[in-house]
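Dropping a structure here in structure tokens format, bear with me for questions.
All of the numbers you see were taken from the coordinates with simple rules; none came from a lab. The structure displayed is predicted, hence computed values, not measured ones. All Cβ positions, glycine included, derive from the backbone under ideal geometry; neighbour counts span all protein chains shown.
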Amino acid sequence: MNRRRGTILAVVSVLGMAAASATPAGAQTSDVKEKPPMYSYISNWDIPRAQWADMAKADEADRATLEKDLASGTIVGFGSDVNLIHSPDGETHDQWWSAMSMAGVITVLEQFYKDGNSTSPVLSSATKHWDELFVSRYYNWHSGPIKNGYTHVGLYKLKPDASDDAVETISKTLVVPLLEKQLAAGTIAEYEIDIQAIHTNSPGSFLIVYVATNAEGLDKVSAAVEEALKANPLGGAAFSSMTDQSGHRDELVRTNATYK
């Protein structure tokens with residue numbers, strides 16, 4: 001989830017421009033289909049620096065459970081992240097898994113509660129903790145493991161007067177065409193556009209998430225952005241008209257993950 005030069009708004013707007021200039025807008029929208037809902041549970045932790053090595057061991061200890069759930073089809077992906085851009089109110093680490101049903105997500109959570117993983121010493125050392133449950137209808141990935149990838153998360157807030165289908169429109173016409181191209185090139189390994197399934201924050205926000213396979217992938221996306229901006233500097237007006245830039249935040253984390 002790379003935190004890039006400028007804002008992710010520029011990234012999405014510019015890459016949307018590139019897609020628009022290459023393909024008629026109507027064709028883009030019709031080619032992008034809403035998928036069955038995918039749910040993602042994310043457990044965020046603020047761990048004291050002295051315990052970071054213990055947190056890495058705890059993540060590795062959870063792997064056996066998550067790999068069994070992946071093999072059985074209970075989940076379709078799992079991973080853990082280390083935050084690279086720290087903020088006073090943010091997390092240092094997170095662990096997550098994704099499933100094609102809310103039942104699949106909860107099954108894994110209950111396993112961890114039953115096994116006592118949720119009360120391990122390193123987690124008990126956390127100074128802050130919170131959980132989130134998201135749902136996505138626009139996503140794709142390459143199967144297999146990702147070791148030391150980089151995940152960029154862009155958080156956006158819709159304007160109060162944005163249409164009810166604003167996230168759908170943004171996904172179909174701007175974000176998905178761009179990220180599918182990056183996925184096909186191998187620059188990224190996964191992407192998703194998320195909204196909260198359980199609203200622990202105010203409604204109207206959404207996430208644009210992608211995983212670069214390596215640090216060089218971040219530069220490749222940046223280069224694509226700059227090229228598209230030069231080719232069509234007037235694009236992105238639709239995205240800007242639907243989103244409130246004051247509500248925008250980015251996050252960059254190092255990721256180890258496996259997708260089915």
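Could you tell me whether region 151-260 comes out rounded, prolate or oblate from its Cα gyration tensor? Rule is a ≥ b ≥ c as square roots of the eigenvalues, rounded for a/c under 1.5, then prolate if a/b exceeds b/c, otherwise oblate. Before the final figure, lay out each step's value.
Numbers: a/c = 1.90, a/b = 1.22, b/c = 1.56.
Oblate, because a/c is 1.5 or more while a/b does not exceed b/c.
Moving on to the next point. Quote the FRET efficiency, to the nearest 0.05, computed for ALA184 versus HIS86 with a Förster distance R0 of 30 Å and r equal to the Cβ-Cβ distance. Don't skip to the answer; put the middle values down first.
On the way: r = 33 Å, r/R0 = 1.11.
In this case the efficiency is close to 0.35.
Next question, about the same structure. Assuming 0.36 nm per residue, please report the length gained on full extension of the stretch GLU34 to ASP164 beyond their Cα-Cα distance.
On the way: separation 130, 0.36 × 130 = 46.80 nm, distance 1.53 nm.
Result: 45.3 nm gained on full extension.
I've got another one for you. State, to one decimal in nm, how far the label point of ASP115 lies from the label point of ARG49, with both points 7 Å from Cα in the Cβ direction.
3.1
Arranged from highest to lowest average of other beta-carbon atoms within 10 Å per residue, in what order do the peptides 197-210, 59-72, 113-126 appear? Present the calculation step by step, with values, prior to reporting the outcome.
Values: 197-210: 16.8, 59-72: 15.1, 113-126: 13.3.
Result, highest mean Cβ count within 10 Å first: 197-210, 59-72, 113-126.
Enumerate the residues in region 242-260 having an amide nitrogen under 17 Å from the point lying 7 Å beyond the Cα of ALA215 toward its Cβ.
Those under the cut-off are 252-256.
Sticking with this one: Can you find, among ASN117, LEU178, HIS93, the residue sitting farthest towards the positive end of the charge dipole of region 85-186, where Lys and Arg contribute +1 and Asp and Glu -1 at Cβ?
Final value for the positive-end residue is LEU178.
How many angstrom lie between the C-alpha centres of region 85-126 and region 44-61?
Centre-to-centre distance over Cα atoms comes out at 12 Å.
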